[in-house]
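S.K.: Have a look at this one.
The values are calculated or read from the model by the stated rules, or taken from the named source; none is laboratory data. Just so it is clear, the structure is predicted and the values come from calculations on it, not from any experiment. Please note: Cβ atoms are built from the backbone with ideal geometry, for glycine as well, and neighbour counts cover all protein chains shown. Each accessible area value is taken on the protein alone, full model and side chains, heavy atoms only, with ligands, DNA and RNA left out. Shrake-Rupley method; radii C 1.70, N 1.55, O 1.52, S 1.80 Å.
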Amino acid sequence: MKWVGTVPLAALENGALVRLSHPPFDVIVGLVDGEPYAIEDACNHAGASLTEGGWSVLRPACVVCPMHGYVFSLTSGELISPKGLCDDQRTFRARIEGDVVVVRDPFSLTIA
């Protein structure tokens, strides 16, 4: 199992979201209740960066697409709202190692 793309744990403090560029994917990394999660950053509806949309004010642990307001769960990638208009986001395993978060290699295309 290959782990790549380290993000300093300190960079995720105070609710920050970090965009990790690891072609062919850009991955958004964030902490929910102290646990790291990673999903594909490009909204699969129209390709907008979920990092730019940021956290949902109304739904905890969710990010918002800045283009059309679609809401995705950071923990599961599930499309929360509006239901049925696009697929869920691809998710990747993430874990804390020391003072960094590492993400499972997106090249593997293995969905967590």
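S.K.: Considering the stretch 89-106 alone, what residues qualify as being closer than 17 Å to D26 by Cβ and open to solvent by 70 Å² or more (accessible area, probe 1.4 Å)?
M.R.: Of the stretch 89-106, the ones closer than 17 Å to D26 by Cβ are 89-94, 101-106.
R90, R93, listed by residue number.
S.K.: Tally the residues that are more than 23 Å from V102 (Cα to Cα) and buried (at least 16 other Cβ atoms within 10 Å of the Cβ), restricting the search to the stretch 46-63.
M.R.: Matching residues across the stretch 46-63 total 2.
S.K.: From G47, G30, which residue is small (G, A, S) and on the phi > 0 side of the Ramachandran plot? Give the derivation first.
M.R.: Details: G30 fails: on the phi > 0 side of the Ramachandran plot.
None of the others qualify; the one that does is G47.
S.K.: Applying the selection to the stretch 14-30, what residues are crowded, with 19+ Cβ neighbours inside 10 Å and either touching a residue at least 60 places away in the same chain (Cβ under 8 Å) or small (G, A, S) (or both)?
M.R.: Listed by number, the residues that qualify are L20, F25, V27, V29, G30.
S.K.: Do you know which residues across the stretch 61-103 are among the hydroxyl-bearing types (S, T, Y) and part of a loop (DSSP other than H, G, I, E, B)?
M.R.: If the condition is that a residue be among the hydroxyl-bearing types (S, T, Y) and part of a loop (DSSP other than H, G, I, E, B), then Y70, T75, S76 are the ones that fit.
S.K.: Moving to a separate point now. With the requirement that a residue be open to solvent by less than 60 Å² (accessible area, probe 1.4 Å) and more than 12 Å from the chain's Cα centre (by Cα), what does the stretch 72-88 give you?
M.R.: Result: L79, I80, S81, P82, C86.
S.K.: From the set of residues in the stretch 43-61 that are modelled with pLDDT of 90 or more and in contact with an Asp or Glu (Cβ under 6 Å, 6 or more places away or on another chain), which is farthest from A94 (Cα to Cα)?
M.R.: Ranking the candidates gives S49 first.
S.K.: Now a separate question. Between a residue in the stretch 32-60 that is more than 22 Å from H22 (Cα to Cα) and any residue that is open to solvent by less than 20 Å² (accessible area, probe 1.4 Å) and small (G, A, S), which pairs come within a Cβ distance under 9 Å, given they are 6 or more apart or on different chains?
M.R.: If the second residue must be open to solvent by less than 20 Å² (accessible area, probe 1.4 Å) and small (G, A, S), the pairs left are R59/S73.
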